[in-house]
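Working notes, structure below.
The values are calculated or read from the model by the stated rules, or taken from the named source; none is laboratory data. Given the structure is predicted, the values throughout are model-derived calculations rather than measurements. Ideal geometry is used to build each Cβ from the backbone, glycine not excepted, and the neighbour counts take in all protein chains shown. Protein only, heavy atoms only, side chains kept; ligands, DNA and RNA dropped before computing areas. Shrake-Rupley method; radii C 1.70, N 1.55, O 1.52, S 1.80 Å.
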Amino acid sequence: MNLHEYQAKRLFAEHGVPIPEGKVARSPSEAREFARELGGRVVVKSQVHTGGRGKAGGVKLANNPDAAETAAAQSLGMDSKGFTVNKVLIDQQAPGIIKEIYLAVLIDRGRRMPMIMASAAGGMDIEEVAEKTPELIFKVHVNPSLGVRGYQTTYIADGMNLPRELWREFHKLVVDLYACFVANDASLTEVNPLVITGEGKLLAVDGKLTVDDNALSRHARLTEMRDVEEEPESEREARMAGINYIQLD
């Protein structure tokens with residue numbers, strides 16, 4: 001089960017991962033009011049279960065509440081790769097972005113272990129990075145009995161040329177993201193991008209979390225987060241019937 005960005009980031013924050021302050025709007029007028037409450041300079045982000053929102057026009061910068069209202073009006077109701085945008089996330093703009101990083105915790109099914117994957121080429125599709133510049137991707141496997149170790153995050157931070165003064169903060173963030181991954185029986189927790197702000201801090205400005213369907217019986221709260229509006233009718237029917245269904249071309 002996929003969660004929306006705003007849901008994923010709130011779960012991240014519960015485990016200590018720093019995220020921008022934000023609110024979810026379902027109308028242009030709500031977007032305007034939330035932008036005003038958040039200081040005016042915001043990002044308006046379509047909330048749909050698909051990647052590549054930026055390229056599809058689903059992420060818009062707004063420097064005042066009026067611009068946020070206009071951006072929300074343009075986004076709400078639009079079709080994004082077959083999904084209709086019913087809500088937008090209004091996030092505070094990061095205070096200057098110096099560097100973008102890709103960071104994820106996922107399951108390596110071949111090794112049967114959790115894996116941390118990171119790249120200095122944040123903000124890009126990780127599949128594209130893997131194809132064109134695989135040397136920019138760093139991976140470490142996590143022993144579930146031990147958790148994330150300091151030498152592992154040091155290896156990643158050094159490989160990405162992360163400023164040394166951020167290594168301790170980066171270690172804590174990775175540990176917190178891994179804790180979120182474990183606590184929610186996730187198959188993927190992803191931050192793309194994790195940014196270094198102009199204030200020299202790490203901030204998760206985007207987030208993705210996929211929960212293992214087989215674990216939902218243990219997570220009533222997560223089950224309630226399922227957005228049935230985002231499910232194709234055929235997939236919803238199959239889920240209700242207990243059938244694994246994969247749509248092919």
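Structure values in brief
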| quantity | calculated |
| --- | --- |
| Enumerated strands (runs of 3 or more DSSP E) restricted to segment 80-140, each holding at least 1 residues that are open to solvent by 50 Å² or more (accessible area, probe 1.4 Å) and out of contact with any Ser or Thr (no Cβ under 6 Å at 6 or more places or on another chain) | 88-92, 97-108 |
| Selection from segment 14-61 of residues that are over 24 Å from Asp79 (Cβ atoms), open to solvent by 30 Å² or more (accessible area, probe 1.4 Å) and small (Gly, Ala, Ser) | Gly16, Gly39 |
| Residue that is nearest to Val88 (Cα to Cα), among those in segment 14-38 that are among the basic types (Lys, Arg) and in contact (Cβ under 8 Å) with a residue 60 or more places away in the chain | Arg26 |
| Pair list, Cβ < 7 Å and 6+ apart or interchain, from segment 131-148 residues that are closer than 14 Å to Phe181 by Cβ and modelled with pLDDT of 95 or more to residues that are among the hydroxyl-bearing types (Ser, Thr, Tyr) and open to solvent by less than 100 Å² (accessible area, probe 1.4 Å) | Val142/Tyr178; Gly147/Tyr178; Val148/Tyr178 |
